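> Before I ask anything, let me first share the structure, which is written out below as structure tokens.
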Amino acid sequence: MADIEETLGELNKDSFVTLLRKIIGESKHLQNNPPELIPEEDRVVKHVLDTLLPYSTTTGGGPLIVNHVAYFPGRGNLIVEYPGTEDGKILSFVGMHMDVVTANPNDWEFDPFSLSIDGDKLRGRGTTDCLGHVALVTELMKRLAETKPKLKSTVVAVFIASEENSTITGVGVDALVKDGLLNKLKGGPLYWIDTADKQPCIGTGGMIPWKIHVTGKLFHSGLAHKAINALELAMEALAEIQSRFYKDFPPHPKEKIYGFATPSTMKPTQWSYPGGGINQIPGECTIAGDVRLTPFYNVADVKNKLQEYVDDINENLEKLGTRGPVSKYALPDENMRGSLTVTFEEVMSGVACNLESRGFHVLCKATEKVVGHVAPYSITGSLPLIRELQDEGFDVQTSGYGLMATYHAKNEYCLLSDMCQGYRVFVSIIAQLEN
């Protein structure tokens, strides 16, 4: 194990920063916010290929097997393989995505679309999420190709397109899985490199975005008995729905094992109505929010329950709490009733990593050795794609070496020292799995 670690050594800081500077320089064209902004991930692929093709079997006479796979023009994925000597023995680093969230230069203290350096800080859009990891794993594969250690395990890196927006499918890792291009990665641990703070992230939450549209009857506020107040109906209905949700989906015993900071939650985050005078009782409104669901519950079950709650409230409006002596949700003389409809946007399932797998134990040991301590954590924030990989039979473990505090934030940055530790964690993982 020591020989491999000595061979692969430390991260070449100058080479890493040079590559990262080129990649961050493309970040303006990597923003993912369709239909206005469609990322061009092949701009990153070009820089990765410039680094690795000199060591490829096809163009450089080296050991790397490089496969550029694009399902849409300009939106490629890259699979890079350093072959081992034993069939079926494999480990992979996946999830380093080449798109970024948007950035408004007017809101930043520095140019988001070029790399700037402030001491240990590497600043720019994508440094933490996830272009810093693209450069880091590229440097790892380059070092493998340069030093050519004899490994039993095949080491695979998968750089992906289209992670930051789930409305467009068939572009990135989902398409690679569908086409069977990652099947052999099921033979060993798959490390999804797109979290932060240098510790194993062992659990993430599912997300169910919802909207409840409430219809009442608009009327003059001085004649409240002739109105069905959509705002009051919405507030009472939502309180009832939340009460039922927390009864049906209480804190799960496994949440303590995984260290989730919160149990599952269902809450409003937005409220809208068509407008009108302050002396008008509104006839409709919409409340929107989300469910963040720990991975021990099923998102389909929750959707079904939310629909069930709404249906029951609609059928039993008279049983719902009211506000004041003339507040009501039905006007029998007019044959009129208030109503609720619930709709859902794209849902995402959470993931609980396998804490019994060798891949997890190796990651923990590497983290403790390099970082000095290991403290696996879970969040009810959501990561796309990894639950689908787990469901397909991959042993998914997740980690990352950016900063959670700057994830998707203004003035994004990572620390060069953290990336150096990330490289050493990768090297330790490779060395341990050889034994």
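The values are calculated or read from the model by the stated rules, or taken from the named source; none is laboratory data. Please read all numbers here as calculations on a predicted model, not as lab measurements. Glycine also receives a Cβ, built like all others from the backbone with ideal geometry; neighbour counts cover every protein chain displayed. Ligands, DNA and RNA are excluded from the accessible area calculation, which covers all protein heavy atoms including side chains. Shrake-Rupley method; radii C 1.70, N 1.55, O 1.52, S 1.80 Å.
> Using just the Cα positions, wrap region 12-157 in a convex hull and report its mean projected area in square nanometres, one decimal place.
On the way: hull surface 38.1 nm².
So the mean shadow area of the Cα hull is 9.5 nm².
> Heavy-atom accessible area per residue, region 29-90, 1.4 Å probe: how many Å²? Intermediate results must be reported in sequence, preceding the final value.
Numbers: 2990 Å² over 62 residues.
Per-residue accessible area for region 29-90 comes out at 48 Å².
> Computed over the Cα atoms, what is the radius of gyration of region 1-80 divided by 2.2 N^0.38 Å, N being its residue count?
Details: Rg = 15.5 Å, N = 80, 2.2 N^0.38 = 11.6 Å.
Its radius of gyration relative to the 2.2 N^0.38 Å reference: 1.34.
> Report, in whole Å, the centroid distance computed from the Cα atoms of region 371-402 and region 62-99.
19 Å
> Please report, to one decimal in angstroms, the Kirkwood hydrodynamic radius of region 177-223 built from all distinct Cα-Cα pairs.
Values: mean 1/r = 0.0590 Å⁻¹.
Here the Kirkwood hydrodynamic radius works out to 16.9 Å.
> Now, a different point. How high is the relative contact order of the chain, given as a whole-number percent (alpha carbon pairs under 8 Å, six or more residues apart)? If you can, show how the numbers build up before the last one.
On the way: 950 pairs, mean separation 98.9, N = 435.
It rounds to 23 percent for the chain.
> Summing -39500 (n - 2.57) over the DSSP H runs of n ≥ 4 in the chain and dividing by its residue number, what mean residue ellipticity at 222 nm do you reach, to the nearest 500 deg cm²/dmol? It would help to have the intermediate numbers written out before the result.
Numbers: 11 runs with 132 residues, N = 435.
Taken over the chain, the calculation gives -9500 deg cm²/dmol.
> Please report the Cα spread of region 125-218 along all three principal axes, rounded to whole Å, starting with the longest.
75, 31, 24 Å, listed from the longest principal axis down.
> Return the subset of K121/K369; K46/K121; K178/K256; K178/K267; K13/K150 for which the Cα-Cα distance in this structure is over 27 Å, preserving the input order.
With Cα atoms farther than 27 Å apart: K178/K256; K178/K267.
> At 1.4 Å probe size, with the rest of the protein present, what percent of the exposed accessible area of the chain is carbon and sulfur atoms? Kindly include the intermediate steps, with their values, before the conclusion.
Working: 9340 of 18570 Å².
Its accessible area is 50 percent carbon and sulfur atoms.
> Based on the Cα coordinates of region 342-395, what is the per residue volume of their convex hull in Å³?
Numbers: hull volume 5.6 nm³, N = 54.
Convex hull volume per residue, Cα atoms: 104 Å³.
> Follow-up question, since we're still on this one. Which whole number in µm²/s is D for region 234-388 by Stokes-Einstein, with the Kirkwood Rh taken over Cα pairs at 4 °C and 1.567 mPa s? Don't skip to the answer; put the middle values down first.
Working: Rh = 18.9 Å.
The diffusion coefficient I find is 68 µm²/s.
> Okay, moving on. If I take the Cα coordinates of region 180-311 and project them onto the principal axes, what are the three extents in Å, biggest first?
Rounded to whole Å, the extents work out to 70, 31, 30 Å.
> Measure out, as a whole number of angstrom, how far apart the alpha-carbon centroids of region 179-219 and region 27-58 sit.
23 Å
> Give the Rg (one decimal place) followed by the Dmax (whole number) of region 319-435, computed from C-alpha coordinates and expressed in Å.
24.6, 80
> Moving on. If you plug each phi of region 399-410 into the Karplus form 6.51 cos²θ - 1.76 cosθ + 1.60 with θ = phi - 60°, what whole-Hz ³J(HN,Hα) values come out, in order, with x for Gly and Pro?
Along region 399-410, the couplings run 7, x, 10, x, 10, 4, 5, 10, 4, 6, 9, 5 Hz.
> List the pair-distance distribution P(r) of the chain, using every Cα-Cα distance, as the percent of pairs falling in each 10 Å bin from 0 up to the bin containing the longest distance, rounded to whole percents.
Whole-percent P(r) values from 0 Å outward: 4, 20, 26, 21, 13, 9, 5, 2, 0.
> Same structure again: Sort 149-156, 204-211, 330-337, 278-285 by packing, meaning the average of other beta carbons within 10 Å per residue, with the highest value first.
Numbers: 149-156: 19.0, 204-211: 21.9, 330-337: 12.1, 278-285: 16.2.
Going from most to least packed, we get 204-211, 149-156, 278-285, 330-337.
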